[in-house]
């Protein structure tokens, strides 16, 4: 079993999450892009030779017929800072970043 696990990990390593954990094909990650949605969601990480690493779209995007997203859209705490406008007329600059955190391994570590 250890040999199979080692071979799987060697073959299916994709990248590191925002906390430095290794992500493999089949792992479950928590994702968020604050410019697109208000809440995070979880997805399995998929990989193929044509598309590379990808995840399922946010549930609200699925309802719009948007299916899969590239994993690179969420990696590395990308800056999504923007002006936020409030109903009372206030404006404020809000610093936001993307999120990609490994939640569960396909194979137990």
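Scan the stretch 38-46 and tell me whether some residue there is assigned to a strand (DSSP E or B), under 18 Å from residue 23 (Cα atoms) and touching a helix residue (DSSP H, G or I) at 6+ places or on another chain (Cβ under 7 Å). Yes: the stretch 38-46 contains one or more residues that are assigned to a strand (DSSP E or B), under 18 Å from residue 23 (Cα atoms) and touching a helix residue (DSSP H, G or I) at 6+ places or on another chain (Cβ under 7 Å).
Among the criteria (1) under 22 Å from residue 10 (Cα atoms); (2) part of a strand (DSSP E or B), the one residue 93 does not fulfil is (1). Restricting the stretch 97-107 to residues that are touching a helix residue (DSSP H, G or I) at 6+ places or on another chain (Cβ under 9 Å) and assigned to a loop (DSSP other than H, G, I, E, B), the residue that is surrounded by the most Cβ atoms within 10 Å (Cβ to Cβ) is 98. Of everything listed in (1) under 27 Å from residue 81 (Cα atoms); (2) in contact (Cβ under 8 Å) with a residue 40 or more places away in the chain; (3) more than 17 Å from the chain's Cα centre (by Cα), the single unmet condition for residue 63 is (2). Among the residues of the stretch 69-81 satisfying the criterion of being surrounded by 13 or more Cβ atoms within 10 Å (Cβ to Cβ) and more than 11 Å from the chain's Cα centre (by Cα), which is farthest from residue 102 (Cα to Cα)? The extreme case among them is 80. When the stretch 30-43 is filtered for residues that are surrounded by 14 or more Cβ atoms within 10 Å (Cβ to Cβ), more than 8 Å from the chain's Cα centre (by Cα) and touching a residue at least 60 places away in the same chain (Cβ under 8 Å), the ones remaining, listed by number, are 33, 34. Listed residues 35, 64, 31; which is in a loop (DSSP other than H, G, I, E, B) and under 15 Å from residue 99 (Cβ atoms)? It is 35.
Which one is farthest from residue 41 (Cα to Cα) among residues in the stretch 82-96 that are surrounded by 10 or more Cβ atoms within 10 Å (Cβ to Cβ) and touching a strand residue (DSSP E or B) at 6+ places or on another chain (Cβ under 6 Å)?
Taking the stretch 82-96 first, the residues surrounded by 10 or more Cβ atoms within 10 Å (Cβ to Cβ) are 82, 84-85, 94, 96.
Within this subset, residues satisfying the condition of being touching a strand residue (DSSP E or B) at 6+ places or on another chain (Cβ under 6 Å) are 84-85, 94.
Values: 84: 22, 85: 25, 94: 21 Å.
Applying the filter and picking the extreme gives 85.
For residue 47, are the conditions met, namely being touching a strand residue (DSSP E or B) at 6+ places or on another chain (Cβ under 7 Å), surrounded by fewer than 13 Cβ atoms within 10 Å (Cβ to Cβ) and touching a residue at least 12 places away in the same chain (Cβ under 8 Å)?
no
Within the stretch 67-81, being within 15 Å of residue 44 (Cα to Cα), at pLDDT 90 or above and in a loop (DSSP other than H, G, I, E, B) holds for 74, 75.
The values are calculated or read from the model by the stated rules, or taken from the named source; none is laboratory data. Since this is a predicted model, take the numbers as computed values, not measurements. As a convention, Cβ positions derive from the backbone with ideal geometry for all residues, glycine included, and neighbour counts pool all protein chains shown.
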